[in-house]
1. Can you give the extra length, in nm with one decimal, that the chain gains between residue 229 and residue 460 once fully stretched, where that is 0.36 nm per residue apart less the Cα-Cα distance?
2. Could you pull out the GluC sites (Glu not before Pro) across the stretch 145-224 that fall in loop regions by DSSP (anything but H, G, I, E, B) with no more than 14 other Cβ atoms inside 10 Å?
3. In the stretch 224-285, what GluC sites (Glu not before Pro) fall in a loop by DSSP, with at most 10 other Cβ atoms inside 10 Å?
4. For the chain, take the longest principal axis of its alpha carbons; what is the angle in degrees between that and the long axis of helix 2-39, to the nearest 10 within 0 to 90?
5. For a protection proxy built on the mean count of beta-carbon atoms within 10 angstrom, sort 387-394, 97-104 highest first, please.
6. Quick one: Karplus J couplings for the stretch 187-197, per residue in order, coefficients 6.51, -1.76, 1.60, θ = phi - 60°, nearest Hz, x for Gly and Pro?
7. Given 0.36 nm per residue, what is the gain on full extension from residue 330 to residue 188 after removing their alpha carbon distance, in nm?
8. With labels modelled as points extended 7 Å from the Cα through the Cβ direction, what inter-label distance (nm, one decimal) is found for residue 242 paired with residue 143?
Amino acid sequence: MQTKVFIRMRYFFIFIAGMFIGALLLWGFSARRDRADVEQTETAVDYPFSRKEKGWLLILRESGEEEAQDGNPAERKFCMYDENGQLLQEFFCGIVTEEVVLRFDAFFDHYYNKDMVVYPADAQETGADGLCYQWDSGKQRFVEEPVAIPWYQEGSLRDEAFLVCGVEGDRAEKNVETKAIYRINERTRELVELRRWTVRGDAETGEESLCIRDCLEEQDIYTGNVTRYDTGELKNEKYYQYLFWEGLKKFWNDGDSPIWIYNEYLELAEYEDKEAFLAVYGFAAAEPFYEYYDRFHNLIMELYFDPQAGRGCGIRYYYSFNDKLEKRATRDGFVFEEVETGIWEPQDGFSKRTVFGDDVSKSASGYREIYEYTDDGGLSFFEARGMDLVDRVPMEVSLLSMDYIYRDDGTLYHREYQHYPKFFGSTSQTKSGDYDERGRLIYQESYITHGAVDAYYLYEGDHMEPQYHLILDWGGGGGGGAYVRMIAYDRAD
């Protein structure tokens, strides 16, 4: 009797143990399934791969249980796959906030691909930095060491430089509006401030002043009082924006270069200093005939010229900054042995014809014109538009456009020209001209297929017509050298 009772009790305990083990197994399976759900959270990233990476996929994967203290995911990483589903790269995402914002722009120097920036979702409001992951076009991989960058204004990138509004340190200051232009130094992978814009308001008088400063040159480009329209926009802001963005410097690690010049045999010659260069071309110890400087008083071009002999030479300077933010110059030499003579033809910067005299109104159907004016009635913008077949589809295109920028006193400061190359050719399809305070054209840069053309206009005293016109066609001389034209004009004024 006792044996039967013992056997029944043993089977009962075995049954209970079996139920307990089964419950544990079910709980374990359920826990693993829940944990797998956490570990396998995936989001497809809409990264704009180029044609070389057609079919590739970038995934943002979150894995691991949530940490008890802050609730952030224990692990977040990017996984990149090729068109066959093969894993090519896997790297950690350094932003650990629960929600992120992804943006794609070209912060590094490459033609087709874009870099990826990951921000905390509230970065625009809080000012928190994001992480920029560079795309390496050669390796077709992301650089896994990111660069921290602040929230930048959408659509502001120009040649890898970008705009940040509300610069850190100035946000709390009353009656102050700040923004800055930054660029990443690719070698040091550091963020460098190039320009700063500061508008300060006087609480007592209500007046506002603007300061535009170049941080690398350590010089103010503009300082002065400004006024606003009822809409809040600055009057003549087009001028200020041009000063703010024009001529941003890039970074090169080299020191000052020798003077390079191609001789008559298209052989590249180098001169370590200016004295050696001038001695070879017959201008040893000579004073410059003409010098052209930029707004920072950097020497851009110096010309040595003998009008009686009709020959000359010169040096063109290009400036950049090294990794220590020290200014460096690259120098190209040029030489000429003859001077042309001609009669100056007045340049109408407001003509509605191309630089070759084409009447654009007769070049296309659906022709129309767009005009914009300044408060003083000056022409601010002109565009002629018409119809053309683009990829066999009728589309309206810009046939000719001209943009004008004026100083605060109303004098013309800068002009941009562009025509439709399909109809009027690629030579001089863009021209960019600078004017002095008297409204005289003093420098013009033009696009040409093999390079660029620099044109300098030399005036004597207050004459309105130039005495000489120096044209440097870079690449036109063969091998990258300059084809030089020096023109002397018979003045009519």
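Bear in mind that the values in this text are calculations on the coordinates, not laboratory data. Nothing here was measured: the structure is a model prediction, and the numbers come from that model. Cβ: placed from backbone, ideal geometry, glycine included. Neighbour counts: every protein chain shown.
1. Going from the current span to full extension adds 79.1 nm.
2. Here the sparse-neighbourhood loop sites are 154, 168, 173, 204, 207, 218.
3. On the way: sites: 233, 237, 246, 264, 267, 270, 272, 275; in loops: 233, 246, 264, 267, 272.
Filter output for the stretch 224-285: 233, 264, 267.
4. Orientation of helix 2-39: about 10 degrees from the principal axis.
5. Numbers: 387-394: 10.0, 97-104: 15.1.
Highest-to-lowest ranking by the protection proxy: 97-104, 387-394.
6. 6, 7, 6, 10, 8, 10, 7, 9, 9, 9, 10
7. Taking 0.36 nm per residue and subtracting the Cα distance, the gain is 49.0 nm.
8. The two pseudo-label positions are separated by 3.5 nm.
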